[in-house]
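Data first, discussion second: the structure below is written as structure tokens.
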Amino acid sequence: MGKIKKMTQAEKVLKFMRTHKRGITALQAIKHCGCLDLAGRIRDLKESGYMIHGEYIYVVNTDGEKVRVKQYTLQE
């Protein structure tokens with residue numbers, strides 16, 4: 001019987017970015033990919049040749065405050 005290969009965190013982040021054209025934030029990476037170090041996985045993907053753009057966006061936190069977070073999008 002064949003061994004099932006588990007996806008790496010970088011592969012999960014890449015898959016998320018491919019299916020969510022708006023990109024991924026650190027909170028989404030934690031919730032959907034189990035990834036606590038999004039910047040590290042983005043670096044890994046860039047080193048593998050993927051073109052990824054990062055920009056700061058503003059979101060409202062649980063206290064109702066506007067906060068700045070980084071959002072990464074895949075450039076295909």
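Details
- Across K5/K70; K3/K70; K31/K66, pairs whose alpha-carbon gap is larger than 28 Å: K5/K70; K3/K70
- For C35, the residues whose amide H sits under 5 Å from its own are I30, ignoring neighbours fewer than 5 places away on the same chain, with H placed 1.01 Å from N.
- Calculated FRET value between K70 and I4, using beta carbons and R₀ = 35 Å, to 0.05: 0.60
- Per residue, the convex hull spanned by the alpha carbons of segment 1-73 comes to 105 Å³.
- Under the Karplus curve 6.51 cos²θ - 1.76 cosθ + 1.60, θ = phi - 60°, whole-Hz ³J(HN,Hα) for segment 53-60, x wherever Gly or Pro sits: 9, x, 9, 8, 10, 10, 10, 9
All of the numbers you see were taken from the coordinates with simple rules; none came from a lab. Computed from a prediction, not measured in an experiment: that's the story for all the values here. Cβ coordinates were reconstructed from backbone atoms using ideal geometry, including for glycine residues, and neighbour counts include every protein chain displayed.
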